[in-house]
Amino acid sequence: MSTPDAADDTVRELLLLMPRLVGRAKRMRPPAELRSFDLAPRHLSLLSLLLLDGPQTVSQLADRLAVAPTTVSLLVSDLSRKGVLARREDDDDRRRRIIDIAPRSRPAISEWLSPGARAWRAALNPLTPAQRRMLVDTLLAYEAAVEETSDHR
């Protein structure tokens, strides 16, 4: 078990690190052809999933993003109208739609998001699967604690 001083040292280090990470993420401006679309973090998450995992249904995206399917439908509609996403019928079930990045937008989105994915791979590669899981779980716990703290204001 760690001592309070050791935990405080880690908290201090993370409090100094987090603003730098957020600042770097904010400086990752979308390519010129996407800047006028006023993309929010939720769009970034959706586009990242499609870039990394390929075409998916609205339900699959909602599950992965941990949001309601109606929320994903609104995001998809917004980005489809802007020509960033493309929808097509699912060959196996014509009632479902498959969502993907539009071919003309894929190069710009890949150029924008791939450096971040490469950086995460480089940082995570030396870790064991259990260490990677612990890192993600720790970040999720931090997010929940911050949200709980802000809810009590």
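The values are calculated or read from the model by the stated rules, or taken from the named source; none is laboratory data. Bear in mind that the values here come from a model prediction, so they are computed numbers and not experimental data. Virtual Cβ from ideal backbone geometry, glycine too; neighbours counted across all protein chains shown. Ligands, DNA and RNA are excluded from the accessible area calculation, which covers all protein heavy atoms including side chains. Shrake-Rupley method; radii C 1.70, N 1.55, O 1.52, S 1.80 Å.
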Quiz item: Got at least one residue in the stretch 114-133 being open to solvent by less than 60 Å² (accessible area, probe 1.4 Å) and more than 24 Å from residue 29 (Cα to Cα)?
Solution: yes
Quiz item: Residue check: is residue 11 surrounded by 14 or more Cβ atoms within 10 Å (Cβ to Cβ) and either among the basic types (Lys, Arg) or in a helix (DSSP H, G or I) (or both)?
Solution: no
Practice problem: Sort through 67, 136 and tell me the only one that's in a loop (DSSP other than H, G, I, E, B) and under 23 Å from residue 25 (Cα atoms). | Solution: 67
Exercise. Answer yes or no: is there a residue in the stretch 41-60 that is open to solvent by 70 Å² or more (accessible area, probe 1.4 Å), modelled with pLDDT under 90 and in a helix (DSSP H, G or I).
Key: yes
Quiz item: Restricting attention to the stretch 81-113, and to residues there that are over 23 Å from residue 42 (Cα atoms) and surrounded by fewer than 12 Cβ atoms within 10 Å (Cβ to Cβ), which single residue is nearest to the chain's Cα centre (by Cα)?
Solution: 89
Quiz prompt | Failed item in (1) in a helix (DSSP H, G or I); (2) surrounded by 13 or more Cβ atoms within 10 Å (Cβ to Cβ), with residue 17 passing the rest | solution = (2)
Quiz item: Taking residue 78, is it outside any strand (DSSP E or B), of a type in the set (Asp, Glu), within 17 Å of the chain's Cα centre (by Cα) and within 26 Å of residue 22 (Cα to Cα)?
Solution: no
